[in-house]
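Below is one structure; the comments refer to it alone.
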Amino acid sequence: DNLTVLSENFVPPTPQKLLELHYNENAIGMSPKAKSAAIEALNTGNRYRFTEAEPLRALIAQSHNVKEENILFSAGSSDAIRIAIAAHATPGTQFVVPELTYGDGEDFAKAYNLKIAKIKSNPQDWSIDLKGMQEAVAKYQGPSIVYLVNPNNPTSTIIKSNEIETWINSKPKDTLFILDEAYAEYVNSPDYRSVDYLIAQGADNVVLLKTFSKIHAMAGMRVGYTVAVADKIKQLQDHVELDSLTLSNPSIQAATASIQDKDFLAYSKKSNDSAREIYLNTLQELNIEYLPSETNFVFHKIKGDIEAFRQRMLEENIKVGRPFPPANDWCRVSVGTTDEMIYVSNKLREFRQKGWL
Ligand code: PLP
């Protein structure tokens, strides 16, 4: 069974070179074309490059069926979260966020003194209580910012797009939707689509956040962007430096090459599908509960507390996800290469033998 046999050239992790399955990065590395483009750009590293990002802006706009005026660059999408919150933070604004989701939204909302309305997730399957979020918005007197990560992190699951679209289209009063679609390219479910088409149709109550950190394998290059109607982009611009200068030119050139490298993007998706399947098969074999993953990470049950499991994995030179309370007996494991997932699968089997899992 070749799904359990490591390649001959696989090098097991060591304390000096850990197997990193803890940050939802993309283990396959950047597109070779992106790498060459970044290296080439070092030749003009001494120059300000005010306009070098414009071809990238055009390609990104095209990919979402919008215009260049609908795109704002940022150093990663985490800064895009900050920008969206900064541009809408007023003293009476509440930030409506699911209990179990990516933390940057809440962190920035606190930094900008927003009131936090955290809506409990369903502990059965950690699904987001969209109805609870809607009620929190409806009963609040002042403005609301709703932060939705779809597919969600750390749960790896999607909210069906029609449920989100219905809410956005109902135009709740004084409400801005921040839709974080960092992992959208990994989704296989037919119930999912990007909200980008709503913005193309003129929806002014939603900003879409995107990143090159995941499917493009460029987390260290820091390229992210916001898609929104032109007036909204203008409003966001007041909270950043000239957006084309927030990206380094090597990053711009790498992203420009990567977005055009369709073969690489297809390979990136396929590699994730195969490597994830290896891990999910192991979880099934060991009868371990997991959530249906639409991303480059898996969220599964463990025996006992995540801290102990994490420590045991670290002793095997493997880094897995941090605790995500209140899901303290669940672990988030990022999808690595197929070899890496075979390796970590074997560790799960060993842990089971030892009674740890
Ligand atoms: N949004 C989500 C949901 C994430 O999981 C991450 C990173 O893991 C980010 C945003 C930030 O990514 P970056 O700043 O690298 O674009």
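The values are calculated or read from the model by the stated rules, or taken from the named source; none is laboratory data. Values in this document were obtained by computation on a predicted structure and should not be read as measured data. We place every Cβ from the backbone using ideal geometry, glycine too, and count neighbours over all the protein chains shown.
Annotation note: Cβ proximity below 9 Å between a residue of the range 1-22 that is within 21 Å of Lys319 (Cα to Cα) and a residue that is surrounded by 10 or more Cβ atoms within 10 Å (Cβ to Cβ) and modelled with pLDDT under 95 (sequence gap 6+ or interchain) occurs for Pro12/Leu6. All conditions but one from (1) of a type in the set (A, V, I, L, M); (2) within 16 Å of the ligand (Cβ to nearest atom); (3) in contact with a helix residue (DSSP H, G or I) (Cβ under 9 Å, 6 or more places away or on another chain) apply to Ala61; the one that does not is (2). When the range 42-59 is filtered for residues that are among the acidic types (Asp, Glu) and in a loop (DSSP other than H, G, I, E, B), only Glu52 remains. Considering the range 210-220, the residues that are within 9 Å of the ligand (Cβ to nearest atom) and of a type in the set (A, V, I, L, M, F, W, C) include one that is surrounded by the fewest Cβ atoms within 10 Å (Cβ to Cβ), namely Ala219.
Total residues in the range 24-37 satisfying the condition of being of a type in the set (A, V, I, L, M), over 10 Å from Ser258 (Cβ atoms) and within 16 Å of the ligand (Cβ to nearest atom): the figure is 1.
For the range 58-100, a tally of residues being closer than 30 Å to Gln260 by Cα and among the aromatic types (Phe, Trp, Tyr) returns 1. The C-beta contact set for the range 50-61 (first residue of a type in the set (Gly, Ala, Ser), second residue part of a loop (DSSP other than H, G, I, E, B) and buried (at least 22 other Cβ atoms within 10 Å of the Cβ), distance under 7 angstrom, 6+ apart or interchain) comprises Ala53/Leu247. Of all the listed residues (Leu100, Leu56), the sole one being surrounded by 14 or more Cβ atoms within 10 Å (Cβ to Cβ) and out of contact with any helix residue (DSSP H, G or I) (no Cβ under 8 Å at 6 or more places or on another chain) is Leu100. Of the helices (runs of 4 or more DSSP H) lying entirely inside the range 222-288, those carrying at least 3 residues that are crowded, with 22+ Cβ neighbours inside 10 Å are 249-260, 262-285.
Taking the range 326-357 as the range and being over 24 Å from the mean Cα position of the chain (by Cα), farther than 23 Å from Ile215 by Cα and not hydrophobic (A, V, I, L, M, F, W, C) as the test, the residues that pass are Asn346, Lys347, Arg349, Glu350, Arg352, Gln353, Lys354, Gly355.
Take the conditions within 20 Å of Val207 (Cβ to Cβ) and touching a Lys or Arg at 6+ places or on another chain (Cβ under 6 Å) and apply them to Ser144. Does it pass? So Ser144 fails the test.
Apart from one condition, Gln134 fits all of (1) within 15 Å of Leu176 (Cβ to Cβ); (2) surrounded by fewer than 21 Cβ atoms within 10 Å (Cβ to Cβ); (3) in contact (Cβ under 8 Å) with a residue 40 or more places away in the chain; (4) more than 16 Å from the ligand (Cβ to nearest atom); the exception is (3).
Checked against (1) buried (at least 21 other Cβ atoms within 10 Å of the Cβ); (2) closer than 18 Å to Ser63 by Cα; (3) more than 16 Å from the ligand (Cβ to nearest atom), Gly202 passes all but a single condition, namely (1).
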